[in-house]
Structures are given as C-alpha cells and as structure tokens.
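Peer 1: Got a structure for you, questions after.
The values are calculated or read from the model by the stated rules, or taken from the named source; none is laboratory data. From a predicted model like this one, the values you see are computed outputs, not experimental measurements. So basically every Cβ, Gly included, is an ideal-geometry build from the backbone, and we count neighbours across all protein chains shown. Just the protein is used for accessible areas: all its heavy atoms, side chains included, with ligands, DNA and RNA removed. Shrake-Rupley method; radii C 1.70, N 1.55, O 1.52, S 1.80 Å.
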Amino acid sequence: MERRAFLRSSLGSAVGASVLAAGGAKAADAGTEYYQLRRYQLSSAQARGSVDYFSSALIPALNRMKIAPVGVFNVTIGITGPNPYILMPCASLDTLAKVDELLLADADYQKTAKPFFAAAAAQPAFMRIDTSLLRAFAKYPKLTLPAAAVAKKTRIYEIRTYESPNEQDHQLKLEQMQAGEAEIFQSVGAWTVFFADTLVGTRLPKLTYMLGYDDLAARDRVWTAFAAAPAWKTLNSLPRYTAEGLVSNITNEILTPAPYSQI
C-alpha cells in the first residue's frame, strides 16, 4: 500500500473509532470540523524565509481548498524559538488527509511556493514538521473566530493540551469539558476558539484547546476568575470527575498571531 493511501486509511480508522466512542456515526454528520495542527521547526534564517511562504503561498492555497480561517502563531511563552504553529480547520477530513497531494496539484501554489517547497537539501527551508489531527468536540463543533481577529486587533492565544493516564480518564475529561467548562471560560472573559480531541499525534490520549485574550493581563484575570467561579468549583467537585486524576500532564503555551494570520 502506498504511503499516502496508508495515511488516509489510518486516519479514517482513528476517526471512526473516535466517532463510535463519542456516541455513533451521527456525531460525524453534524458538521463537526477537523483540524490539522502543524508545528514547524525552523532556524532563524529559515524563519525569515518562511514568512513569504506562509502568507503568499500556503494560506491562499489552503483557502482555495476551503480550509479557513488559517492560523499562524509564534510561541512567545513556552518552547520558544522559530517553531510556528499552523492551524488548519476544515469540514472535510478527506481534504485534510490529502492536503499535500492537493497542494501538489495547485499550479499557483507550486509557482509561488517554489523557493520554499523545492529548497536545496544543502539549504533546507525547514528542519522538521510535527503534525496532529484533531476532531472538534461534538458540543463545540466549529472554531469560533474572535472579534479581535476579524478586526486585526492586538491579541494573544493560549494553546493547552491535557494528557490522561488512560482512555477511560480521557473520555471522562472530554465529558467534563463539555459539561460546562467552556461556558465558564466564556463567562469570565476568555475567547473560546476551539476544543478538540487529538485523534492522531504524539503523547495520546490527550485533548487540545485554544483560548484567546486581549493581552497577558487579561489572561491572568481570566484564570483568577475561572478558579474562583462557583460553577467551576461545583463541576470540578463532582465524584464522577474526582475519583482519580483525569489529567496526568498539562502543556500550555502563549502564542502571538503572525500579522497575516487569519485567526
């Protein structure tokens, strides 16, 4: 079996298993989005060369595939260095699984992306790319674009991953987050961008979500208010979610969108 056919088969199997766990095939037919989340590892010189590629070649080509809005984010607090995240939301899993093939078939992309796409091995355009496939929570099936992103105002984002010690605890954490946790974030002033289960990637099982704020001071206010919110204290004290630790590791990073980011 060819590599790309194997990839599509593997992704389809992973998604099928997740849909069944979430309560049947109807969840997959309800307009739930999928996300491909890429993280590029770049040197300083490569980072400078990537700007034209992301802004002039990759994003327009992805938009032509109905992958939109596309987010490009630099890490400002976390594992810093030139390692931008690219967030690709799409209603079609098949499109995300075949995105590289579709790029190869896009003549405009091939022309604009050539300096990056066909860089010589002695001077590569990037070092590595790490990729995850996510499926939006059934209760929050689509990405929410913050008003600040539409208006191109100053903003920051926080991407968080919650790893669980086993699949049962992972499913309980997914349940807890959809039992009101997102609404609590909204009530204390966070912008809830997306919530998703990680179907394919490293360090599974885990979920991934993104919040947005005006700035770091706003983030601090949100988390202080969230911890003190009566609704959170009630939800987080339910015996169903306290029998054992549902989360074994939390990773969070603060991101700044690139000037050309659509999120």
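Peer 1: Is one or more of the residues making up the stretch 187-196 farther than 30 Å from L235 by Cβ, in a strand (DSSP E or B), in contact with a Leu (Cβ under 6 Å, 6 or more places away or on another chain) and not charged (D, E, K, R)?
Peer 2: Of the stretch 187-196, the ones farther than 30 Å from L235 by Cβ are none.
No.
Peer 1: Does I254 count as of a type in the set (V, I, T), open to solvent by less than 70 Å² (accessible area, probe 1.4 Å) and assigned to a strand (DSSP E or B)?
Peer 2: Working: of a type in the set (V, I, T): yes; open to solvent by less than 70 Å² (accessible area, probe 1.4 Å): yes; assigned to a strand (DSSP E or B): yes.
The answer is yes for I254.
Peer 1: Could you check the stretch 123-142 and list, in sequence order, the residues that are in contact with a Leu (Cβ under 8 Å, 6 or more places away or on another chain) and at pLDDT 95 or above? Talk me through it step by step, then tell me what you get.
Peer 2: Step one: of the stretch 123-142, the residues in contact with a Leu (Cβ under 8 Å, 6 or more places away or on another chain) are 126-127, 131-137.
T131, S132, L133, L134, R135, A136, F137 - these are the residues of the stretch 123-142 that are in contact with a Leu (Cβ under 8 Å, 6 or more places away or on another chain) and at pLDDT 95 or above.
Peer 1: Something else: With respect to the numbered conditions (1) under 17 Å from the mean Cα position of the chain (by Cα); (2) in contact (Cβ under 8 Å) with a residue 60 or more places away in the chain, which one is the sole condition not fulfilled by H170?
Peer 2: Against the list (1) under 17 Å from the mean Cα position of the chain (by Cα); (2) in contact (Cβ under 8 Å) with a residue 60 or more places away in the chain, H170 comes up short only on (1).
Peer 1: In the stretch 161-182, which residues are out of contact with any Gly (no Cβ under 9 Å at 6 or more places or on another chain), assigned to a helix (DSSP H, G or I), at pLDDT 95 or above and acidic (D, E)?
Peer 2: Matches in the stretch 161-182: E167, E175.
Peer 1: Of all residues in the stretch 205-232 being of a type in the set (F, W, Y) and closer than 20 Å to I156 by Cβ, which is surrounded by the most Cβ atoms within 10 Å (Cβ to Cβ)? Lay out the reasoning, then the answer.
Peer 2: Restricting attention to the stretch 205-232, the residues satisfying the condition of being of a type in the set (F, W, Y) are 209, 213, 223, 226, 232.
In the following step, the residues that additionally are closer than 20 Å to I156 by Cβ were identified as 209, 213, 223, 226.
Values: Y209: 24, Y213: 22, W223: 16, F226: 18.
Across the stretch 205-232, the extreme among qualifying residues is Y209.
Peer 1: Let me ask something else about it. Looking only at residues that are among the β-branched types (V, I, T) and in contact with a Phe, Trp or Tyr (Cβ under 7 Å, 6 or more places away or on another chain) in the stretch 207-263, which one is farthest from S164 (Cα to Cα)? Give the derivation first.
Peer 2: Step one: of the stretch 207-263, the residues among the β-branched types (V, I, T) are 208, 222, 224, 234, 242, 247, 250-251, 254, 256, 263.
Still in the list and also in contact with a Phe, Trp or Tyr (Cβ under 7 Å, 6 or more places away or on another chain): 222, 247, 250, 256.
Details: V222: 24, V247: 4, I250: 9, T256: 27 Å.
Among them, the one singled out is T256.
Peer 1: Could I ask something else about it? Could you list all residues from the stretch 185-204 that are touching a helix residue (DSSP H, G or I) at 6+ places or on another chain (Cβ under 9 Å) and surrounded by fewer than 20 Cβ atoms within 10 Å (Cβ to Cβ)?
Peer 2: Once the filter is applied, which keeps residues that are touching a helix residue (DSSP H, G or I) at 6+ places or on another chain (Cβ under 9 Å) and surrounded by fewer than 20 Cβ atoms within 10 Å (Cβ to Cβ), the stretch 185-204 yields S187, V188, G189, T192, V200, L204.
Peer 1: What number of residues within the stretch 139-150 are open to solvent by 60 Å² or more (accessible area, probe 1.4 Å) and among the small types (G, A, S)?
Peer 2: The number of residues fulfilling the criteria is 1.
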